[in-house]
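Written below as structure tokens is the structure these notes are about.
The values are calculated or read from the model by the stated rules, or taken from the named source; none is laboratory data. Keep in mind it's a predicted model, so treat the numbers as computed, not measured. Counting neighbours? That spans all protein chains shown, and the Cβs are built from the backbone with ideal geometry, glycine included. Accessible surface areas use protein heavy atoms only, side chains included; no ligands, DNA or RNA. Shrake-Rupley method; radii C 1.70, N 1.55, O 1.52, S 1.80 Å.
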Amino acid sequence: MPMKALSAANIALIKYWGNRNDALRLPVADSLSITLDQPTVEIAGESADVFSVRSYEPDGSERKLTDKEIDRLQRHFEISKQCLDLSEGISLEIRSQIPPSIGFASSAAIFSSLAELYSGLSHRPVFPQQKSIIARLGSGSAARSVFGGFMALRAGNGDTLDSSFVEQIADSDHWRLWDIIIVPSHKEKKTGSTEGHARAHTSPLFEARIRSIPKRMEECIDAILKKDFEKLQAVSEEDCMNMHAAMQSQDPPLHYLSQETYRLIDEVKELRMREHLEVLFTMDAGPTVHLICTEAAFPEIRAFAKAQTNCTVFEAGIGSGSHLL
Ligand code: DP6
């Protein structure tokens, strides 16, 4: 019988962009996100002689993985084998509800789910912090999806595997927020985050961004602990736009936001001013707009999202992190 693990994406409020060690995905700076409860990725796996992987669409049809995707998954399994007591090979089946490569953290959900699965299959006990390191080795932001609620990924210092680590700021019951996700386009991006991180230092804005993160982290944590939405909105939106400005000025430039993204941002700003709504916008590496709002603002933000033509809408609450099924 294969073992199964489930995980979901997370949405960053203070963004992770740039590594001090690309191979080990050791970030230059701290980041902070909310772990979502859906859409999810379920991965079934069992020990085998060789590595193999198949992937399925939400409707059950097979999704052909590219050689690059298979290679990334296989390299992650090989490195996980060095840390955990796993069999020579593995047979994996991935079922993802998350559209890939549009800035919806599908890789965070996949690699946190794999970390959960490999930890479950390991013949040695695995500590939670180790599990998040296994996730991070596949995708940096995946480290934060291993746990629920509001999660920080601390950059730490040094070049050892465990020099960067996660910290839970508050659990999933702390503050009932929603994430309404508007996907304006399913077109997969040309440059993925991994290539982008590797060139982050070429932006003239990068160093100033890194210097500004400790203060923003402090403000964001304070806003979460005090449930101060206005403060959370100000710091998150500032960090989001600062990351995109850095991305757009790196070499080669990365323009992840589309005209549709900017239109949605403008309309949300207008709507929240008019109706006094507690809602903030944020985007990861893609045009997808995340509208994080309080329970009180939820009905109006949902109606706004549903009224968008040619967009797919997802709704998520705060999740409790990856787990075995
Ligand atoms: C913009 O974790 O996707 O979403 O390690 O190459 O998979 P890889 O990078 P990834 O980087 C995420 C960057 C971001 C911001 C964030 O989630 O913090």
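When region 111-138 is limited to residues that are of a type in the set (Ser, Thr, Tyr) and more than 16 Å from the ligand (Cβ to nearest atom), the one that is surrounded by the fewest Cβ atoms within 10 Å (Cβ to Cβ) turns out to be SER122. Given the criterion at pLDDT 95 or above, within 11 Å of the ligand (Cβ to nearest atom) and either in contact with a helix residue (DSSP H, G or I) (Cβ under 7 Å, 6 or more places away or on another chain) or in a helix (DSSP H, G or I) (or both), identify the matching residue among LEU6, LEU13. On inspection, the qualifying residue turns out to be LEU13. Applying the criterion of being open to solvent by less than 20 Å² (accessible area, probe 1.4 Å) and part of a loop (DSSP other than H, G, I, E, B) to the residues of region 145-185, the residue that is nearest to TYR262 (Cα to Cα) is GLY149. Residues that are at pLDDT below 95, at least 1 per element: which strands (runs of 3 or more DSSP E) completely within region 221-325 meet that? Of the strands (runs of 3 or more DSSP E) lying wholly inside region 221-325, those with at least 1 residues that are at pLDDT below 95 span 312-316.
Among the conditions (1) within 30 Å of ASN242 (Cα to Cα); (2) in a loop (DSSP other than H, G, I, E, B); (3) in contact (Cβ under 8 Å) with a residue 40 or more places away in the chain, the only one that SER87 does not satisfy is (1). If you go through region 78-90 and keep only what is surrounded by fewer than 17 Cβ atoms within 10 Å (Cβ to Cβ) and more than 16 Å from the ligand (Cβ to nearest atom), you end up with GLU78, GLN82, ASP85, SER87, GLU88, GLY89. Any residue at all in region 62-76 that is within 13 Å of the ligand (Cβ to nearest atom) and either touching a Pro at 6+ places or on another chain (Cβ under 9 Å) or of a type in the set (Val, Ile, Thr) (or both)? So far as region 62-76 goes, yes, one or more of its residues are within 13 Å of the ligand (Cβ to nearest atom) and either touching a Pro at 6+ places or on another chain (Cβ under 9 Å) or of a type in the set (Val, Ile, Thr) (or both).
Scanning region 186-202 for residues that are surrounded by fewer than 18 Cβ atoms within 10 Å (Cβ to Cβ) and more than 15 Å from the chain's Cα centre (by Cα) gives HIS186, LYS187, GLU188, LYS190, THR191, GLU195, ALA198, ARG199, HIS201, THR202. Scanning region 65-86 for residues that are among the acidic types (Asp, Glu) and under 21 Å from the mean Cα position of the chain (by Cα) yields GLU69, ASP71. Evaluate region 263-272: report whether one residue or more is open to solvent by 10 Å² or more (accessible area, probe 1.4 Å) and within 19 Å of the chain's Cα centre (by Cα). Scanning region 263-272 turns up no residue that is open to solvent by 10 Å² or more (accessible area, probe 1.4 Å) and within 19 Å of the chain's Cα centre (by Cα). Condition check for ALA108 on (1) within 16 Å of the ligand (Cβ to nearest atom); (2) in a loop (DSSP other than H, G, I, E, B): one failure, at (2).
Among the criteria (1) more than 25 Å from ALA142 (Cα to Cα); (2) buried (at least 17 other Cβ atoms within 10 Å of the Cβ); (3) within 16 Å of the ligand (Cβ to nearest atom), the one SER249 does not fulfil is (2). Might you let me know whether region 41-64 holds any residue that is open to solvent by less than 40 Å² (accessible area, probe 1.4 Å), within 30 Å of THR294 (Cα to Cα) and in contact (Cβ under 8 Å) with a residue 12 or more places away in the chain? Yes - at least one qualifying residue is present in region 41-64.
Could you list, in sequence order, all residues of region 16-39 that are open to solvent by 10 Å² or more (accessible area, probe 1.4 Å) and outside any strand (DSSP E or B)?
Result: TYR16, TRP17, ASP22, ALA23, LEU24, ARG25, VAL28, ALA29, ASP30.
If the condition is being of a type in the set (Val, Ile, Thr), within 14 Å of the ligand (Cβ to nearest atom) and assigned to a helix (DSSP H, G or I), then region 186-209 contributes only THR194.
Exactly one residue out of SER96, SER141, SER101 is modelled with pLDDT under 95, open to solvent by 10 Å² or more (accessible area, probe 1.4 Å) and in contact with a helix residue (DSSP H, G or I) (Cβ under 7 Å, 6 or more places away or on another chain): that is SER96. For region 198-234, a tally of residues being farther than 24 Å from GLU167 by Cα and either touching a residue at least 40 places away in the same chain (Cβ under 8 Å) or basic (Lys, Arg) (or both) returns 9.
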